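What follows is one structure encoded as structure tokens, with my remarks underneath.
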Amino acid sequence: MEANKEVHNRELARSLGCITDSEFRSLANITESTEEAWRKRGTGPAFIRLGKSYLYPLSGLKDHLDSLTKTRNATPMRGTL
């Protein structure tokens, strides 16, 4: 029964352009407590609180991932070449 509810919630989240909190934790490879800490500190992606659940809009998730993207410095280290 619980598995059906999870599938239903995922389908509803998709129809709204979001992922569920459990999908976000799986994607980020974090625990529930880390997810909560990120929300409280404002260091994670944008989220929607809906009752006791949290949804993560895909657009906000993409923005957050873009902000974490790092590029490699092409300047060679001193003393090389």
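Please determine, by comparing only the residues of segment 1-21 that are loosely packed, with under 15 Cβ neighbours inside 10 Å and among the aliphatic types (A, V, I, L, M), which one is modelled with the highest pLDDT.
Among those that are loosely packed, with under 15 Cβ neighbours inside 10 Å and among the aliphatic types (A, V, I, L, M), it is 16.
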query: Inside segment 35-47, can you point out the residues that are surrounded by 14 or more Cβ atoms within 10 Å (Cβ to Cβ) and part of a helix (DSSP H, G or I)?
result: 35, 36, 38, 39
message: Just to be sure I understand, how many residues within segment 48-73 are loosely packed, with under 10 Cβ neighbours inside 10 Å and of a type in the set (Asp, Glu)?
response: 1
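Mind checking which residues of segment 7-34 are part of a loop (DSSP other than H, G, I, E, B) and not hydroxyl-bearing (Ser, Thr, Tyr)?
Within segment 7-34, 16, 17, 29, 30 meet the criteria.
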query: Which pairs have Cβ atoms under 6 Å, sit 6 or more apart or on different chains, and link a residue in segment 65-81 that is more than 17 Å from residue 46 (Cα to Cα) to one that is modelled with pLDDT of 70 or more and surrounded by 10 or more Cβ atoms within 10 Å (Cβ to Cβ)?
result: none
field: Subset of segment 1-51 [of a type in the set (Val, Ile, Thr) and either under 19 Å from residue 67 (Cα atoms) or under 16 Å from the mean Cα position of the chain (by Cα) (or both)]
entry: 19, 20, 30, 31, 34, 43, 48
- prompt: Of the residues in segment 6-64, how many are in contact (Cβ under 8 Å) with a residue 12 or more places away in the chain, touching a Pro at 6+ places or on another chain (Cβ under 9 Å) and among the charged types (D, E, K, R)?
  reply: 1
- prompt: Could you list, in sequence order, the residues of segment 48-74 that are farther than 17 Å from residue 35 by Cα, β-branched (Val, Ile, Thr) and either part of a helix (DSSP H, G or I) or modelled with pLDDT of 90 or more (or both)?
  reply: 69
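The values are calculated or read from the model by the stated rules, or taken from the named source; none is laboratory data. What you see is a predicted model, and the numbers here were worked out from it, not measured in a lab. Ideal geometry is used to build each Cβ from the backbone, glycine not excepted, and the neighbour counts take in all protein chains shown.
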